[in-house]
Amino acid sequence: MAQHSMRPFSTWAAFLLLCSCIWLSACRDEAPVPKMPQTQITGTPVKLPMPTAEILDPPWIKDRKEEQLATLPQFKVFHDFQFTDQLPESGITFVHKIVDDTGKAKKAVHYDHGNGMAIADVDQDGLLDIYFTTQLGENQLWRNLGNGRFENWTEKAGVAMGDRVGVSASFADTDNDGDPDLYVTSVRGGNLFFENDGSGKFRDVTEESGLGHTGHSSGATFFDFNRDGLIDLFLTNVGDYTTDEIGRGGYFVGDKASFGNHLFNSKSEQSILFKNQGNNRFIDVSKDVGLTDNGWTGDAHPLDLNDDGWPDLYIPNMQGHDEYYENQNGKRFVRKSREIFPETPWGAMGIGVFDYNHDGKMDIIITDMHVDMWDTASFETVVPDYEKKKLRDPYKYQSAGYLDSDGKHIWGNALFRNNGEGTFTEVSDAVNTENYWPWGLSIGDLNADGYEDVFITASMNYPFRYGVNSVLLNNLGENFLDSEFIVGVEPRRDGRTATPWFELDCDGEDQSHPHCKSRKGKFEVWGALGSRSSAIFDLEGDGDLDIVTNDFNSEPMVLVSNLSEQKPLHYLKIRLIGTKSNRDGLGAKVTVTTDSQTLTKYYDGKSGFLSQSQYPLYFGLGDAKNVKRVEIQWPSGKTQIVAGPLESNQQLDIKEE
């Protein structure tokens with residue numbers, strides 16, 4: 001494949017730089033429209049910099065598939081199974097809709113980060129349901145009917161939220177009554193909190209709960225920071241990236257210089273720790289416990305890095321250093337960011353915590369989106385080897401101070417391997433977890449061999465070329481192997497890589513749009529498909545893990561696995577029921593021992609980017625037909641052992657003694 005020279009500051013990077021320069025100079029004049037990459041337009045083609053094939057039929061897809069298939073001799077793990085997008089069969093008709101700032105009024109603004117989704121059994125029928133969030137239109141709750149079929153439950157549940165721009169959703173049993181409650185965030189529309197009545201119908205209790213914060217909110221993470229048996233909430237707020245102008249559909253139009261606003265303290269928004277007082281009443285205790293984070297963050301992740309039983313917090317920063325706060329016995333959080341993690345990604349987006357190498361210690365994987373938006377060589381061309389590399393010579397991009405750094409950043413994804421005793425080694429390149437244009441990630445044992453795998457959503461959509469989602473199969477803890485073409489996640493259903501993005505009326509209101517130059521009439525502009533968030537869970541109850549995505553400006557994917565049909569399957573599902581601990585058991589450490597493996601999971605409820613879900617822990621057991629023992633370290637401090645032998649292929653509901 002031909003190599004292409006790097007063109008600094010082309011396309012999107014030039015646009016980001018231009019925006020930051022405009023803001024820094026306090027200039028509010030309209031910025032020149034940067035040269036955009038290819039876009040497919042129906043009817044008479046418009047001359048644009050790239051061939052339309054780059055989104056409709058990317059010429060490199062076949063080559064990339066063949067290159068990936070050639071790596072099969074490296075696999076030490078089972079890979080002879082396939083995912084099939086069964087969206088049409090599922091009955092799900094949800095379609096994500098975008099604001100104009102990510103469509104025909106395209107600008108560099110944080111709306112392009114997309115939306116989350118969350119999974120829970122909302123009506124307690126034993127089947128896991130799906131809640132999708134969107135920017136325009138209504139969020140939707142889809143009730144699982146079994147056998148891979150769903151029905152729209154939104155109106156019955158009362159959780160549409162169609163009057164504001166949605167961002168994320170999180171399920172958790174905040175009142176310990178045995179059913180999942182729901183928190184949904186929005187951009188300046190006010191966040192909403194819904195209490196479940198036990199039947200899958202929800203009541204809006206936002207006002208009395210104290211959780212109705214209004215701001216540029218993003219992810220919402222439930223965890224019991226003080227281990228009092230009540231689940232608390234950490235709400236991340238990105239920062240001020242909008243104006244007061246109202247756009248089509250009622251959204252706040254983005255600030256054209258929003259990606260430079262992180263340089264100004266006045267534009268930051270503090271994230272908030274809400275303490276659960278009981279009966280679904282919450283109060284802001286951020287200052288009281290020393291957790292006053294002002295980074296430009298979209299999400300957060302609880303974890304217990306020092307193994308003292310108290311949940312700490314890792315907060316990715318999408319435009320600067322990540323932060324790590326250590327929990328001091330539920331009374332204070334102490335910032336130990338650079339002490340524990342001297343170097344972190346500059347543009348962090350998604351985060352996952354898991355024991356990838358079976359040493360019993362929790363490792364951390366982080367995706368870095370924004371650095372790739374400055375690495376311009378692959379914007380208009382495709383060089384697969386290049387996409388697996390970190391940003392080259394990042395300091396040439398520090399014009400206007402935009403990428404100003406202390407010299408201690410990782411310019412791409414990170415995987416922090418836990419060495420124990422409070423130290424970590426960054427091994428992302430060594431174990432192959434680098435990819436291009438990543439957003440969120442989900443973690444799960446896709447081949448049920450005991451080693452957890454990684455699914456990473458990746459794309460930039462209009463006006464860029466198509467980008468693939470990544471499946472990284474865990475190769476016995478030694479490294480991760482690119483597998484999206486091997487297991488059928490790519491290419492997409494029917495080979496689709498693009499969709500109509502927006503419509504222009506060149507004889508009417510859109511005549512000044514760049515795409516209307518030398519054109520008349522109405523026509524569609526097409527853009528590349530792409531996913532933002534995902535969740536991995538057993539969708540149809542056959543014992544293997546499936547993947548559902550929330551795509552950007554299009555329908556989701558319902559990727560159903562046929563693993564259970566391809567090999568004898570051995571697994572164990574564990575649902576925790578806290579008594580003295582919170583009902584969900586959030587914060588518990590669970591260890592499953594077989595004759596050949598010891599598997600450790602920290603139950604945090606995090607299911608992917610911008611999402612928190614409530615479903616059982618899934619342990620793939622490889623060839624083991626039974627389990628010798630299960631050990632639970634509950635948040636209450638109790639250790640409970642369930643002695644074996646325990647038969648595989650069942651769900652254990654373990655109640656705290």
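For every other residue with a beta carbon closer than 12 angstrom to the beta carbon of ARG164, add +1 if it is Lys or Arg and -1 if Asp or Glu, then tell me the sum.
Net charge in that neighbourhood comes out at -1.
How large is ³J(HN,Hα) for each residue in the stretch 131-140, as worked out from phi by the Karplus curve 6.51 cos²θ - 1.76 cosθ + 1.60 (θ = phi - 60°), to whole Hz, x for Gly and Pro?
Karplus values, whole Hz, x for Gly and Pro: 10, 9, 10, 9, 7, 10, x, 9, 5, 9.
Please find the FRET efficiency linking THR243 to SER512, where r is the Cβ-Cβ separation and R0 is fixed at 25 Å, and quote it to the nearest 0.05. Could you put the intermediate results ahead of the total?
Details: r = 20 Å, r/R0 = 0.79.
Efficiency at R0 = 25 Å is approximately 0.80.
Among the lysines, which fall within straight-line cross-link reach of LYS628, defined as a Cα-Cα distance under 16 Å, with same-chain neighbours fewer than 8 residues apart omitted?
Straight-distance partners of LYS628: LYS573.
Can you give me the distance in nm between label points at LYS628 and THR423, each placed 7 Å from the Cα along the Cα-to-Cβ direction?
3.0
Report the full-extension gain for the segment ASP359 to LYS389: residue separation times 0.36 nm, less the Cα-Cα distance, to one decimal in nm.
Extra length available between ASP359 and LYS389 comes to 8.1 nm.
Taking the Cβ-Cβ separation of GLN277 and THR71 as r and a Förster radius of 45 Å, what is the calculated FRET efficiency to the nearest 0.05?
Numbers: r = 54 Å, r/R0 = 1.19.
Efficiency for this residue pair is about 0.25.
Which of the lysines could be linked to LYS104 by a straight reach, that is with a Cα gap under 30 Å, when you skip same-chain ones fewer than 8 residues away?
Reachable lysines: LYS35, LYS47, LYS256, LYS267, LYS517, LYS520, LYS522.
Could you give the nm distance between label points at ASP63 and GLN650, where each point is 7 Å from its Cα heading toward the beta carbon?
5.4
Please report, for the Cα atoms of the stretch 538-657, the Rg to one decimal and the Dmax as a whole number; what are they, in angstrom?
My reading of the Cα-based Rg and Dmax gives 15.6, 49 Å.
Each residue of the stretch 74-79 in order: what ³J(HN,Hα) in whole Hz does its phi give by Karplus 6.51 cos²θ - 1.76 cosθ + 1.60, θ = phi - 60°, with x for Gly and Pro?
In residue order, the calculated couplings are 7, 7, 9, 10, 5, 9 Hz.
Under 8 Å for C-alpha pairs, at least 6 residues apart: give me the relative contact order for the chain, rounded to a whole percent.
Numbers: 1790 pairs, mean separation 105.4, N = 657.
Normalised by residue count, the contact order of the chain is 16 percent.
Shape of the stretch 482-524 from its Cα gyration tensor (a ≥ b ≥ c, root eigenvalues): rounded if a/c is under 1.5, otherwise prolate when a/b > b/c, or oblate? Walk me through the numbers on the way to the answer.
Working: a/c = 5.42, a/b = 4.03, b/c = 1.34.
Taking the square roots of the gyration eigenvalues as a ≥ b ≥ c, the stretch 482-524 is prolate.
With the cut-off at 19 Å, report for the stretch 99-148 the share of all Cα pairs above it, as a whole percent. Please list the in-between numbers first.
Values: 535 of 1225 pairs.
Beyond 19 Å sits 44 percent of the P(r) for the stretch 99-148.
Residues with amide H under 5 Å of MET117's amide H, sequence separation 5 or more or different chain, H placed in the peptide plane at 1.01 Å from N; which?
Result for MET117 returns ALA169.
Across the stretch 323-332, in residue order, what do the Karplus-derived ³J(HN,Hα) couplings come to in whole Hz, using 6.51 cos²θ - 1.76 cosθ + 1.60 with θ = phi - 60° and x for Gly and Pro?
Listing the rounded values in order: 10, 10, 10, 8, 7, 9, 6, x, 9, 9 Hz.
Return one number: the angle in degrees, 0 to 90 and rounded to the nearest 10, between the long axis of the Cα atoms of helix 11-24 and the longest principal axis of the Cα atoms of the chain.
90
How big is the Kirkwood radius of the stretch 388-535, worked out from every pair of different alpha carbons and given in Å to one decimal?
Values: mean 1/r = 0.0538 Å⁻¹.
For the stretch 388-535, the Kirkwood estimate is 18.6 Å.
Given the Cα-Cα distance of ASN265 and PHE78 and 0.36 nm per residue of separation, how much length would full extension add, in nm? Show your work: numbers first, answer last.
Working: separation 187, 0.36 × 187 = 67.32 nm, distance 5.01 nm.
Full extension of this stretch gives 62.3 nm more.
In percent, how large is the relative contact order of the stretch 532-657, given Cα pairs closer than 8 Å and 6 or more residues apart?
Values: 266 pairs, mean separation 33.7, N = 126.
RCO, the stretch 532-657: 27 percent.
Can you give the accessible area of ARG248 in Å² (nearest 10), computed on protein heavy atoms with a 1.4 Å probe?
Spelled out: ARG248, probe radius 1.4 Å, area about 140 Å².
Out of the GluC sites (Glu not before Pro) in the stretch 245-326, which ones are loop residues according to DSSP with at most 11 other C-beta atoms within 10 Å?
Working: sites: GLU245, GLU269, GLU323, GLU326; in loops: GLU269.
Hits after loop and neighbour filter: nothing returned.
Can you list the aspartates and glutamates whose alpha carbon is less than 16 Å from that of LYS62, not counting same-chain residues fewer than 8 positions off?
List returned: GLU54, ASP385, ASP482, GLU484, GLU490, ASP494.
Stretched out fully, how many nm does the piece from THR639 to ARG203 gain, at 0.36 nm a residue minus the Cα gap? Intermediate results must be reported in sequence, preceding the final value.
Details: separation 436, 0.36 × 436 = 156.96 nm, distance 3.59 nm.
Full extension from THR639 to ARG203 adds 153.4 nm.
Do the alpha carbons of any pairs in LYS589/LYS655; LYS287/LYS408; LYS65/LYS388; LYS287/LYS638; LYS76/LYS389 sit beyond 19 Å of each other, and which pairs?
Details: LYS589/LYS655 14 Å; LYS287/LYS408 28 Å; LYS65/LYS388 15 Å; LYS287/LYS638 30 Å; LYS76/LYS389 24 Å.
Correct reply: LYS287/LYS408; LYS287/LYS638; LYS76/LYS389.
Return the label of the correct value of Rg and Dmax of the Cα atoms in Å, as calculated from the structure shown, out of (1) 23.5, 75; (2) 27.1, 83; (3) 28.4, 93.
Identified label for the calculated read-out: (1).
List the residues, sorted by chain then number, that are 5 or more residues from GLY298 or on another chain and whose placed amide H is less than 5 Å from its amide H.
Here MET318 satisfy the definition.
For the stretch 482-601, take the alpha-carbon Rg, divide it by the Kirkwood Rh, and send me Rg/Rh. Before the final figure, lay out the partial values.
Details: Rg = 23.2 Å, Rh = 19.2 Å.
Answer for the stretch 482-601: 1.21.
Can you work out the accessible area per residue across the chain, with the rest of the protein chains kept in place, probe 1.4 Å, in square angstrom? Can you show the working numbers first?
Values: 22780 Å² over 657 residues.
Computed with neighbouring chains in place, this is 35 Å² per residue.
How compact is the stretch 311-369 by the rule of thumb for globular proteins, expressed as Cα Rg over 2.2 N^0.38 Å? Display every interim value, and only then the final one.
Values: Rg = 12.2 Å, N = 59, 2.2 N^0.38 = 10.4 Å.
Compactness ratio reported: 1.18.
What's the ranking of 275-287, 580-592 by average number of surrounding C-beta atoms within 10 Å, highest first? Provide the component values of the computation, followed by the final result.
Details: 275-287: 16.5, 580-592: 23.6.
With the highest mean Cβ count within 10 Å placed first, the list reads 580-592, 275-287.
Between GLU657 and ASN329, what FRET efficiency follows from the Cβ-Cβ distance if R0 is 25 Å, with the result rounded to 0.05?
On the way: r = 23 Å, r/R0 = 0.94.
The formula returns an efficiency of 0.60 here.
The values are calculated or read from the model by the stated rules, or taken from the named source; none is laboratory data. Since we're looking at a predicted model, the values are computed, not measured. Every residue, glycine as well, gets a Cβ built from its backbone with ideal geometry; the counts of neighbours run over all protein chains shown. Calculation scope for accessible area: heavy atoms of the full protein, side chains included, ligands and nucleic acids excluded. Shrake-Rupley method; radii C 1.70, N 1.55, O 1.52, S 1.80 Å.
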